[in-house]
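Undergrad: The structure follows.
The values are calculated or read from the model by the stated rules, or taken from the named source; none is laboratory data. Everything quoted here is computed from the prediction, not taken from an experiment. Glycine also receives a Cβ, built like all others from the backbone with ideal geometry; neighbour counts cover every protein chain displayed. Note: areas computed on protein heavy atoms with side chains; ligands, DNA, RNA excluded. Shrake-Rupley method; radii C 1.70, N 1.55, O 1.52, S 1.80 Å.
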Amino acid sequence: QVQLVESGGGSVQAGGSLKLSCVANGVIFGLTTIGWYRQAPGKQRELVATVGRGSYTSVGDSVKGRLTISRGNAGNRVDLQLNSLKPEDTAVYYCYTHENSRDYWGRGTQVTVSS
């Protein structure tokens, strides 16, 4: 059973940056994908960015050009930096991973961007 431990988030001023990190514990078969999604109040969960094997990266349209994502620790860690933050980036950010045909989600970390 994979467990995801998230860190980072909090309150940030518009125009600032934030860093989110996620570490996967209990990995046995190797993670195919690890990354971040977010969900704002009243909206559906949406892709922020994920990194697959071979460093293949998927990035959500709303954050393109404003982020850096990297995968480390033998593929079991993901670090995200989101820049030029906007109030519309306010959401709960969830770490996500996929292993052995199963999806796993972290508990989520709140990010609030004030104008």
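Undergrad: What is the sum of charges, Lys and Arg at +1 and Asp and Glu at -1, for the other residues whose Cβ falls under 9 Å from the Cβ of Cys95?
TA: Local net charge: 0.
Undergrad: The chain: Rg/Rh from Cα coordinates, Kirkwood Rh?
TA: 0.96
Undergrad: Turning to a different aspect of this structure: Springs between alpha-carbon atoms under 10 Å, Gaussian network over the chain: tell me which of Val23, Val12, Val51 tops the mean-square fluctuations.
TA: Of Val23, Val12, Val51, the Gaussian network model singles out Val12 as fluctuating most.
Undergrad: Separate question: Once you put a point 7 Å from the Cα of Asp103 and another 7 Å from the Cα of Thr57, both along the Cβ direction, what distance in nm separates them?
TA: 2.3
Undergrad: Express the relative contact order of the chain as a whole percentage, based on alpha carbon pairs under 8 Å and six or more residues apart in sequence.
TA: Relative contact order of the chain: 36 percent.
Undergrad: Just to confirm a number: summing +1 for Lys and Arg and -1 for Asp and Glu over residues other than Phe29 whose beta-carbon lies under 10 angstrom from that of Phe29, what do you get?
TA: Within the 10 Å Cβ shell, the charges total 0.
Undergrad: Additional query: Where in segment 94-115 does the label zone of Gln13 land, with the point 7 angstrom along Cα→C-beta and an amide N cut-off under 15 Å?
TA: It comes to 113-115, nothing else.
Undergrad: How about segment 42-114: which chymotrypsin sites (Phe, Trp or Tyr not before Pro) there lie in a loop by DSSP and see at most 11 other Cβ atoms within 10 Å?
TA: Answer by residue number: Tyr56.
Undergrad: Roughly how big is the chain's charge dipole about its Cα centre, with Cβ charges of +1 (Lys, Arg) and -1 (Asp, Glu), in debye to the nearest 20?
TA: In debye, rounded to 20, the chain gives about 60.
Undergrad: Okay, moving on. Accessible area per residue, 1.4 Å probe, Å², for the chain: what's the number?
TA: I get 53 Å² per residue for this part.
Undergrad: Further, regarding this structure: Calculate the FRET efficiency for Ala40 and Ala74 from the Cβ-Cβ distance with a Förster distance of 35 Å, rounded to the nearest 0.05.
TA: 0.60
Undergrad: If you don't mind, another one. What does the charge count around Gly60 come to, taking other residues whose C-beta lies under 15 Å from its C-beta (Lys +1, Arg +1, Asp -1, Glu -1)?
TA: That works out to +2.
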